[in-house]
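A.B. asks: Pasting in a structure now, in structure tokens, and then I'll have a few things to ask.
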Amino acid sequence: MLVKCSIDTLGFENISHSVTLVPRLDYSINLLAGIIDVLEKHRTDLKNLNQYLVTDFDEMDNSHLKSMRMEQLIVFSLDVLLQIKNQIGSISGIHSIPKILPSSIPMIRTVSAKLFVISPISSQKLSELSVHLGSIVLDSAALTKARFDFSKCNDKSAMLLDEVKLMADSKLNKQYPLVDFFKLSNV
């Protein structure tokens, strides 16, 4: 986590602007941790509720499909947010922020949109998180004179989301051998 970093190690050129980055990043880390905690509890609850589907899944039963899609969404969302947490934890200084964080913002917005109906509070907090991280990225870029290629950021974000989706579906396929999550996603 960034807690290891001090203002001295971030190598700021303009201390009056840079002092505000660390508290905002700490706040963002705490906000993300809270959202992850909520989703982990939701995941555990769903896993317990869906336990009977390990042996009794019927792909023609809409309630079974709905339960599996819900768990699939939570697992995917949680895995994306854990990936973002790891990205934030890899920040080693102000110059690394514009390299690490830009692709995480579209990922957060995607998860926020997907969670809007089933967890509006988490969705709202994710929207807040994307705003905070976006301002941190822009401020750090201004301080370091970094440039962005938003097309590359979006491509990287899409690629990471696809990778996480495959990993999440793979986990769920092992947990529920009667359910084809790759097929379920395309229905």
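A.B. asks: Taking the Cβ of Ser112 as the center, what net charge do the other residues with Cβ under 14 Å away carry, scoring Lys and Arg +1 and Asp and Glu -1?
C.D. replies: Values: positive: Arg109, Lys114, Lys125; negative: Glu128.
Net charge around Ser112: +2.
A.B. asks: Take the residue pairs Lys114/Lys145; Lys85/Lys171; Lys99/Lys165; Lys66/Lys174 and return only those whose Cα atoms are more than 26 Å apart.
C.D. replies: On the way: Lys114/Lys145 34 Å; Lys85/Lys171 20 Å; Lys99/Lys165 23 Å; Lys66/Lys174 19 Å.
Cα-Cα > 26 Å for Lys114/Lys145; rest within.
A.B. asks: While we're on this one: Counting heavy atoms of the protein chains only and a 1.4 Å probe, report the per residue accessible area for the chain as a whole number of Å².
C.D. replies: Values: 10110 Å² over 187 residues.
With the other protein chains kept in place, the chain gives 54 Å² per residue.
A.B. asks: In whole percent, how big is the carbon plus sulfur part of the accessible area of region 14-120, probe 1.4 Å, protein atoms only?
C.D. replies: Working: 3000 of 5140 Å².
That share works out to 58 percent.
A.B. asks: Still on this structure, please answer the following. Please label the shape of region 111-162 as rounded, prolate or oblate, based on the square roots a ≥ b ≥ c of the eigenvalues of the alpha-carbon gyration tensor (a/c under 1.5 means rounded; beyond that, a/b larger than b/c means prolate, else oblate). Working shown, then result.
C.D. replies: Working: a/c = 4.66, a/b = 1.55, b/c = 3.00.
Oblate is the answer for region 111-162, as a/c is 1.5 or above yet b/c matches or exceeds a/b.
A.B. asks: Could you work out the helix-only [θ] at 222 nm for the chain, with each DSSP H run of four or more residues adding -39,500 (n - 2.57) and the total divided by the number of residues, to the nearest 500 deg cm²/dmol? Write down the numbers at each step before the final one.
C.D. replies: Numbers: 9 runs with 137 residues, N = 187.
Taken over the chain, the calculation gives -24000 deg cm²/dmol.
A.B. asks: Between Leu178 and Ser92, what is the label-point separation in nm under the 7 Å Cα-to-beta-carbon projection?
C.D. replies: Going by the 7 Å Cα→Cβ label model, 5.0 nm.
A.B. asks: Next up: Can you put His64, His42 in order of accessible area, largest first, using a 1.4 Å probe?
C.D. replies: Working: His64 20, His42 55 Å².
Sorted by accessible area, descending: His42, His64.
A.B. asks: Mind checking which of Tyr27, Ala146, Ser77 is farthest towards the positive end of the chain's charge dipole, using Cβ charges of +1 (Lys, Arg) and -1 (Asp, Glu) about the Cα centre?
C.D. replies: Ala146
A.B. asks: Here's another thing I want to ask about it. Report, largest value first, the span of the C-alpha coordinates of region 55-187 along each principal axis, in whole Å.
C.D. replies: 57, 26, 24
A.B. asks: With a 1.4 Å probe and every protein chain left in place, tell me how much accessible area Phe150 has, in Å² to the nearest 10.
C.D. replies: 140 Å²
A.B. asks: Further, regarding this structure: Work out the length of the dipole vector of the chain about its Cα centre, built from +1 on the beta-carbon of each Lys and Arg and -1 on the beta-carbon of each Asp and Glu, and round it to the nearest 20 debye.
C.D. replies: On the way: 20 positive and 20 negative charges, 71 e Å.
Once rounded to the nearest 20, the dipole reads 340 debye.
A.B. asks: Among residues other than Lys165 whose Cβ falls under 12 Å from its Cβ, what is the net charge (Lys/Arg +1, Asp/Glu -1)? Walk me through the numbers before you get to the answer.
C.D. replies: Details: positive: Lys114, Lys171; negative: Asp79, Asp162, Glu163, Asp169.
The answer is -2.
The values are calculated or read from the model by the stated rules, or taken from the named source; none is laboratory data. None of these values were measured; they are calculated from a predicted model. Counting neighbours? That spans all protein chains shown, and the Cβs are built from the backbone with ideal geometry, glycine included. To get the accessible areas, we keep the full protein, side chains included, count just its heavy atoms, and leave off ligands, DNA and RNA. Shrake-Rupley method; radii C 1.70, N 1.55, O 1.52, S 1.80 Å.
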